[in-house]
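Novice: One structure, as structure tokens, below. Some questions next.
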Amino acid sequence: MTNTINDIFVKPQTCYKFLDKDVSDQVLHELYDLTKWGATSFNCSPMRLKFLKSKSSKQILSNLASEDNVSKIINAPVCTIIGMDIEFWRELPKNYLREDAKKYFENDIDKSQLTALRNSSIQGGYFLKAANALGLATGPMSGFSNDKVDEKFFSGTSIKSNFLCNLGYPDKDGYFERASRYEFKEIAEIL
């Protein structure tokens, strides 16, 4: 295993404490530019991002989060709202060139929402690994009111929140003891 693979896939853990060091706007642009190339079904690319860097924006978000997430949001250099456009299908003629795939989703809200959730979550995984490739630590989180976040940050749009992710440069004490992972034989089989 190369050092690069190890640094992106093996070493990273959920980070709970970051250095008081700015994550530049340029790095956030690079992060998205890496993330956008990951595969999604129909190239639907429903993920939408809000990078909260200002104290005021993080304070608003922290008021919509569970108590144990408040300080995590406030103290991270960046807290990202990973959202999903449930009307991603409006852009399919631009994003998917093989056929008019819009017809599969535009009249089926359940299918559209499920596809948006699934694919924005896939993109969220790419986002985490792209962040690690750029030397950033990540702290993905649930523990917030989706409805309130949607109302405050995505009002009047077809975008809904999926999950939150803190970003920054890790403090040496930013991690808990690493828990075990399943072995292949415990959760997988080759048929």
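Novice: Yes or no: Cys165 at pLDDT 95 or above, part of a strand (DSSP E or B) and in contact with a Lys or Arg (Cβ under 6 Å, 6 or more places away or on another chain)?
Specialist: So Cys165 does not fit the description; no.
Novice: Continuing with this model, one more query. Is it the case that Lys58 is surrounded by 17 or more Cβ atoms within 10 Å (Cβ to Cβ), without any contact (Cβ under 8 Å) to a residue 60 or more places away in the chain and in contact with a Cys (Cβ under 6 Å, 6 or more places away or on another chain)?
Specialist: Judged against the criteria, Lys58 is a match.
Novice: Can I ask one more? Tell me yes or no: at least one residue of region 97-113 is within 28 Å of Asp20 (Cα to Cα) and surrounded by 19 or more Cβ atoms within 10 Å (Cβ to Cβ).
Specialist: Within region 97-113, not a single residue is within 28 Å of Asp20 (Cα to Cα) and surrounded by 19 or more Cβ atoms within 10 Å (Cβ to Cβ).
Novice: Is it fair to say Ala130 is part of a helix (DSSP H, G or I), out of contact with any Pro (no Cβ under 9 Å at 6 or more places or on another chain) and at pLDDT 95 or above?
Specialist: Against the criterion (part of a helix (DSSP H, G or I), out of contact with any Pro (no Cβ under 9 Å at 6 or more places or on another chain) and at pLDDT 95 or above), Ala130 qualifies.
Novice: Shifting gears a bit: Within region 141-161, take every residue that is small (Gly, Ala, Ser) and out of contact with any helix residue (DSSP H, G or I) (no Cβ under 6 Å at 6 or more places or on another chain) and give me the one that is nearest to Cys44 (Cα to Cα).
Specialist: Per the stated criteria, the residue is Ser158.
Novice: Residue check, Tyr182 against (1) of a type in the set (Ser, Thr, Tyr); (2) loosely packed, with under 13 Cβ neighbours inside 10 Å; (3) under 22 Å from Gln59 (Cβ atoms), all met but one. Which one?
Specialist: Every listed condition holds for Tyr182 apart from (3).
Novice: So which residues in region 1-40 are in a loop (DSSP other than H, G, I, E, B) and aliphatic (A, V, I, L, M), if there are any at all?
Specialist: Met1, Leu19, Val23, Ala39
Novice: Residues in region 92-103 that are free of Cβ contacts under 8 Å to residues at least 40 places away in the same chain and assigned to a helix (DSSP H, G or I): how many?
Specialist: Residues meeting the conditions: 4.
Novice: Being on the phi > 0 side of the Ramachandran plot, surrounded by fewer than 20 Cβ atoms within 10 Å (Cβ to Cβ) and not in a loop (DSSP other than H, G, I, E, B), is that true of even one residue in region 41-54?
Specialist: yes
The values are calculated or read from the model by the stated rules, or taken from the named source; none is laboratory data. Please read all numbers here as calculations on a predicted model, not as lab measurements. Note that each Cβ is placed from the backbone with ideal geometry, even for glycine, and that neighbours are counted across all protein chains shown.
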